[in-house]
Each structure stands twice: as C-alpha cells, then as structure tokens.
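Below is one structure, written out as structure tokens; comments come after it.
The values are calculated or read from the model by the stated rules, or taken from the named source; none is laboratory data. Computed from a predicted structure; not experimentally measured. Positions of Cβ are backbone-derived with ideal geometry, glycine not excepted, and every protein chain shown enters the neighbour counts. In case anyone asks, the SASA skips ligands and DNA or RNA and just uses the protein heavy atoms, side chains included. Shrake-Rupley method; radii C 1.70, N 1.55, O 1.52, S 1.80 Å.
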Amino acid sequence: MQAYQITAGQGIGSLQRVERAAREPGPFEVRVRIKAVSLNFRDLMVARGDYLKVAGSPVVPASDAAGEVLAVGAGVTRFKAGDRVMGAFLPDWIDGEPTPANTARAPGAASDGVLASEVVFSEHSLVAIPDSLSDEQAATLPCAAVTAWNALFVAGRARAGQTALLLGTGGVSIWGLQLAKAAGLRAIITSSSAAKLARARELGADELINYRETPEWQDEVLRATGGEGAHVVLEVGGEGTLQRSIAAVRHGGAVGIIGGVSGFASVPVSPLALIAGNKRLEGIFVGSRKMLEDVTRLVDRARIAPVIDRVYGFDEAPAAFEHLASGRHFGKIVIRVGG
C-alpha cells in the first residue's frame, strides 16, 4: 500500500511517500480503504518534534480519516464490508471520563497514523458516516469537531442563548462557530483578516473582532456582552491570548484550553482572577468516541456543511502541510487519498 511517513523534529521536509506492506485485520479489527484525511495543527507540532509524545523513528502522520470498510476480522459485529466509517482520534476512549490509559494512544504521533491508502482500525474506534457527509467532509470531524464539541458543550456546559467566543478561523474555531450557531448560541469570533471575518459572518457569527485593529480585544468582548463576558471561550492561542481569554469570560464561565499556536513557554495566569470570578480553565484533549457520535448526529440533523479551505490530491500532501503551516487557511485542509 502507499503511505507517507514523517520524522518528528525534522520538519515538513522529512515527509516522504513510501510503499508499505498491507495487513489483514485480526480479531475485532477492521481494514479500511482511506478516502480522505484532514490535517490539524497537531500535525505541524509532530513535524517540529514538540508534540506531547512522538516516536523516535518515522511514522505515518495524521489522525483524522474517512473511508470504506474493505474487510473485517473475526468477532467484528459493528461494521461490514462497504460501510463508510471514520476513526476516533483517541481509539481507546469510548465514553465516560478520560484516564491516562484511554488517552495514551492517538495515531500519527508516537504511532502510525492514517495518511495511507489503507489502515487497520480496532472495531470499537470507528464511527459510521451519515449519508449527508462526503468523505472529505467526514474526515474533518474526528479531531476538530470533537474538540469544539467538548469545549463548548461537555467541559464548557454551554446552552442555547449563551455566548461563545472563538479565537481565530482555524479548523477548531470554525467548527466551534458552526456548532454554536446550530445549538442556538450567540457567537463572537476574532481574526486579523477582514476577509476571514466576512466569511465568518456568512456562517452566522454575531460579533466580529479584528484583533489587529483592536489589540485589547477582551474589552470589546465585554462591551458586546454588556460587561458580562462570554460563557465559554475556545482558547487556541496560548501565551499570546490566555490572559485576555480569562478576562473575556464571564463570572462562572469556562476557558477551554485547546492549543497553543503562540506557544506555552510563558503563560502568566492570575489565580485571583480565577478565584474571584469563579472561572474555570478546562484542558481539552479532543474527546471520546461517544462525543464523535454525538457531534456527528448534530451535524447530520442540522445539515451542517463542514468548512473546507482546500482539498489536495494524495501526491500533493507536502503542499497541504505547507499550506497548513502558512496559516492562510479558513477551516480545514483535506487530502483526498482514494477515489
């Protein structure tokens, strides 16, 4: 089978297309022909070598894929050949609370991922794709949509009529915008690009903040919410934005710590600001298979069309990584693997 592999710490330039031996599924395993793969900021971190845990040898990158079942191993009951499926980001976290054991394994970092023509999955890690989603659209859900769902509705406990603050227009933030609006929330979104803010308005954003023109954007969030702040913030910036996110969240609200585009080297946090405001910082490490099932149901019911910035061919995978690294995208970047 055809696959790409990358070496952590050696950058995007180490991405190479290789031939690997395919294998048949064992007991309770499912062999899937990969149709589409979506990229996440995490994939750049793996390339740089600064992700949570990486392998010392080349691995197949990427965690999010959609495809078609080719064959099933002994004992498999949830899927059959021909079914359309996507793999959960954390294959061992099925439901309930996260634990060190069920969050220890995520493909594409310390172990092989999904940027390949075929992948063998554990039966319990797969979720069915509804007919309303194409393969390219479905591939955007396992990490970004689940992360946004968790931050908004599980850890964030947001409800209809409340306010969500989304930082930037990357994959998680745009998914956060779409899910928030589908669930009846008010959405505030930030960007340094007027063109991207205009596109966010088309997706239903209620308030737009250009953080280049308004560096103290937390004050604008407070103004837009009558001085109260947002109920939940999807924090993706890290040291460049965390303090402002804490200032922008309301009394009793939650800041979902999702990523650190600007790094985590120096992130000053005032415990008194959290204590006095009963504010919560919630670490968001994607979510469970149950969360993927839940968000998929909402996407299907609300007929949400995932925002895809660009679809690349399998031969163009290095260009897809470069485009992700440029930060010019709006929504998700997808690689079409097979027809």
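Assorted remarks:
- A Cβ-based charge dipole, computed about the Cα centre of the chain with Lys and Arg at +1 and Asp and Glu at -1, lands at about 360 debye.
- Which labelled figure in (1) 82, 56, 36; (2) 59, 39, 37; (3) 79, 55, 40 is Cα extents along the principal axes in Å, once derived from the coordinates: (2)
- Atom-type composition of the exposed protein surface of the chain places 51 percent of the accessible area on carbon and sulfur (1.4 angstrom probe).
- Among 228-238, 273-283, 152-162, 89-99, sorting by the average number of other beta carbon atoms lying within 10 angstrom of each residue, highest first, gives 228-238, 152-162, 89-99, 273-283.
- Positive end of the dipole of region 275-327 (Cβ unit charges, origin at the Cα centre): among G313, A302, A276, the Cα lying farthest that way belongs to A276.
- Residue by residue, region 308-314 carries 3J(HN,Hα) couplings of 10, 5, 6, 10, 9, x, 4 Hz when phi is fed to the Karplus relation 6.51 cos²θ - 1.76 cosθ + 1.60 (θ = phi - 60°); x denotes Gly or Pro.
- Label point distance in nm, K80-F28, each placed 7 Å from Cα along Cα→Cβ: 2.2
- Derived scalar couplings between HN and Hα for region 129-146 equal 8, x, 5, 6, 10, 6, 4, 5, 5, 4, 5, 8, 7, x, 9, 5, 5, 5 Hz in order, rounded to whole Hz, by the Karplus curve 6.51 cos²θ - 1.76 cosθ + 1.60 (θ = phi - 60°), x for Gly and Pro.
- If you plug the beta carbon distance of F285 and A71 into 1/(1 + (r/R0)^6) with R0 = 22 Å, you get a FRET efficiency near 0.10.
- Approximating the spin labels as points 7 Å out from Cα along Cα→Cβ, the A194-to-K53 distance works out to 4.8 nm.
- Förster radius 41 Å - calculated FRET efficiency between D300 and H251, Cβ distance, rounded to 0.05: 0.70
- Ranked by how many other beta carbons lie within 10 Å on average, peptides 23-32, 180-189 from highest: 180-189, 23-32
- Membrane-span-like helices in the chain, defined purely by DSSP H runs whose alpha carbon atoms cover 24 Å or more axially and whose average Kyte-Doolittle hydropathy reaches -1.0, do not occur.
- For the chain, the per residue solvent-accessible surface stands at 41 Å², with DNA, RNA and ligands left out and a 1.4 Å probe.
- Among T163, L44, P142 the positive-end extreme of the charge dipole of the chain (Cβ point charges): T163
- Dipole size of region 52-157 about its Cα centre, with +1 on Lys/Arg Cβ and -1 on Asp/Glu Cβ: approximately 260 debye, rounded to the nearest 20.
- Between V286, V172, V18, the Gaussian network model of the chain with springs among Cα atoms under 10 angstrom shows the greatest mean-square fluctuation at V18.
- Of K53/K290; K35/K279; K35/K196, pairs whose Cα-Cα distance is over 32 Å: K35/K279
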